[in-house]
1. If the label point is 7 Å along Cα→Cβ of residue 195, which residues in region 228-243 have backbone nitrogen under 17 Å from it?
2. Rounded to the nearest 20 Debye, what is the dipole magnitude of region 139-251 about its Cα centre when Lys and Arg each give +1 and Asp and Glu each give -1 at the C-beta?
3. Let me cross-check residue 188: its accessible surface, 1.4 Å probe, with only protein heavy atoms counted, in Å² to the nearest 10?
4. Ordering 107, 30, 148, 180 by accessible area with a probe of 1.4 Å, largest first, what comes out?
5. Step by step: find N for the chain, compute 2.2 N^0.38 Å, then divide the Cα radius of gyration by it. What's the final number?
6. Work out the charge dipole of the chain with +1 on the Cβ of Lys and Arg and -1 on the Cβ of Asp and Glu about the Cα centre, then indicate which of 242, 147, 222 is farthest towards its positive end.
7. For the chain, set up a Gaussian network in which alpha carbons nearer than 10 Å are linked by springs, and say which option among 12, 80, 183 fluctuates the most.
8. At 7 Å along Cα-to-Cβ for each site, give me the label-to-label distance between residue 155 and residue 65 in nm.
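The values are calculated or read from the model by the stated rules, or taken from the named source; none is laboratory data. Predicted model, so just to flag it, every value in this text is computed and none were measured. For neighbour counting, all protein chains shown are included, and Cβ atoms are generated from backbone atoms with ideal geometry for every residue, glycine included. Side chains included, ligands, DNA and RNA excluded: accessible areas come from the protein's heavy atoms. Shrake-Rupley method; radii C 1.70, N 1.55, O 1.52, S 1.80 Å.
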Amino acid sequence: MIRIICLTEPGLQLGKRLNKVLINSEISFKAQPFKETVQGYFEQGEQLIFICATGIVMRTLAPVIKDKHSDPAVLVLDELGKFVIPLLSGHEGGANEFARQVAELLKSQLVITTANNYLKPVYVVGMGCERHCPESVLQGLLDECLLKAGLNIADISAICSIDIKGDELGLISLASNLEKPYLTFDTTQLAQVEDRLSTKSDYIFNTVGVYGVAESAALYQAQVATGNCSELVLNKNKNKQATCAIARSYS
């Protein structure tokens, strides 16, 4: 169960928007007695979305917080829905991924505060292109994307695409010259990360069977490489002949 907790009229309006798009969600508006009711939701293991100040949330939940391995995910949103903050159980409880999904639904800014310095990031490049796209065009786009993401080629573990590009000479040569594995995946595999795409193209889907090649390939391989959930570091960038995206996961 996802419990959307609102305390004000503006918060309620945002809560109603979320309630329409989040499966298995319910709204709790000005619950009384507030502290006891909310603590009950938490102890029952419900995922909580608070639309209020973080101070209220912490003062309310402090007596019942146990540890990150057993506590349910808790998110906090401002009344305008501009920011989404995973407050409790970011990694183990899935709050970070849950917050990412909510942020995408609301077109909001995701604010991740959990530390990743004890984890190793794995970066993957996904690329798509027109048939017979020159390697120089692919290289130029890749260089632009790495610069935007603040990465260099040494950070990248693989270059990936869809299986129908398994014989694309430009991509094969690019990966070879950069001394990176070139991996391709079928539509069934790429469909597993469909919910994490920044945009979905019906045209691409009707053409190749997935809603986005570059993002899907990067997200899928990053997830496979670590066994953990992946996320986009750089959404799809494109020029006239190719697309490129960068995903990350932590091992």
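1. 228-232
2. Values: 9 positive and 13 negative charges, 49 e Å.
Magnitude of the dipole: close to 240 debye.
3. Surface open to solvent at residue 188 totals about 100 Å².
4. Details: 107 165, 30 105, 148 130, 180 40 Å².
In descending accessible area the options line up as 107, 148, 30, 180.
5. Values: Rg = 20.8 Å, N = 251, 2.2 N^0.38 = 18.0 Å.
So the Cα radius of gyration is 1.16 times the expected 2.2 N^0.38 Å.
6. After comparing all options, I get 147.
7. 80
8. 3.1
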